[in-house]
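The values are calculated or read from the model by the stated rules, or taken from the named source; none is laboratory data. None of the values given here were measured: they were computed from a predicted structure. Every residue, glycine among them, receives a Cβ derived from its backbone with ideal geometry; neighbour counts consider all protein chains shown. Calculation scope for accessible area: heavy atoms of the full protein, side chains included, ligands and nucleic acids excluded. Shrake-Rupley method; radii C 1.70, N 1.55, O 1.52, S 1.80 Å.
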Protein chains: 2
Amino acid sequence: MGTIVVGYVPKPEGHAALARAVEEAKLRGAQLVVVNSHRGGRDFDDEDAVKTEEQLAEVRSRLADSGVEAEVRQLVRGMDPADDLIKVADEIGAEFIVIGLRRRSPVGKLILGSNAQRVLLDATCPVLAVKAEG
Amino acid sequence: MGTIVVGYVPKPEGHAALARAVEEAKLRGAQLVVVNSHRGGRDFDDEDAVKTEEQLAEVRSRLADSGVEAEVRQLVRGMDPADDLIKVADEIGAEFIVIGLRRRSPVGKLILGSNAQRVLLDATCPVLAVKAEG
């Protein structure tokens, strides 16, 4: 059974990535590994941890409803989200990685976020980039 | 029947994108539109045109062998490849776009090509980014 890795953040682009990853997993009969990564440290306090846990509980419930075999990994180990995502994908030999991208505003600067660029450049597997709903 | 748009250049990353697009088309029962775009003008002379035509003939033959319903469009209309690709995808309501990315060398700079960034940022549909074989 193939595995699809998806980077999840509780934002519109994260929801879009998750929704698409579920569709792809159904299409391919693949399983999902949802990665929610925080660098940790001073920027991630107890309140953040509780809030994140609530959000991930919602994700788990949505995944259970989808019927797709899925695992949610919350990683707080001092790594950039891009590194966590690439590492997990490599370890499990993922078919591909799904990431969400923000929609560019009409006057938005022409630049991709550094995490998205890192994943696109450094992942050994293909990367499916999905836009948040407009 | 869904349609997948793939950006083709006669380079390792273009071959990787095409190969993956064929796989995805088979999996989904979708058809392919292969876009080979040149800005044209002084940088694209008769010799380039002949060479490109040879390369695209090879692509057409490979697609015929694959059994996937496919169309090859060579566009020389003064547009950047990214704009051509996005425009074609919008016009036909593509399911997603497949693009090839070069592999970064160990000392390579952390930057995506401007065409790849444009497609990733401005396409309204998802974008599957595939690495050239190592």
Against the definition (of a type in the set (A, V, I, L, M, F, W, C), modelled with pLDDT of 95 or more and open to solvent by 20 Å² or more (accessible area, probe 1.4 Å)), how does residue A:30 come out, yes or no?
no
Qualifying residue in region A:28-37 (condition: in a helix (DSSP H, G or I) and within 14 Å of another protein chain (Cβ to nearest Cβ)):
yes
Within 23 Å of residue A:121 (Cβ to Cβ), out of contact with any Lys or Arg (no Cβ under 7 Å at 6 or more places or on another chain) and in contact (Cβ under 8 Å) with a residue 40 or more places away in the chain, is that true of residue B:97?
yes
Residues of region A:16-48 classified as over 18 Å from residue A:2 (Cα atoms) and without any contact (Cβ under 8 Å) to a residue 24 or more places away in the chain, total
6
Being open to solvent by 50 Å² or more (accessible area, probe 1.4 Å) and not small (Gly, Ala, Ser) is the filter; apply it to region B:37-47 and report the residue that is nearest to residue B:81 (Cα to Cα).
B:39
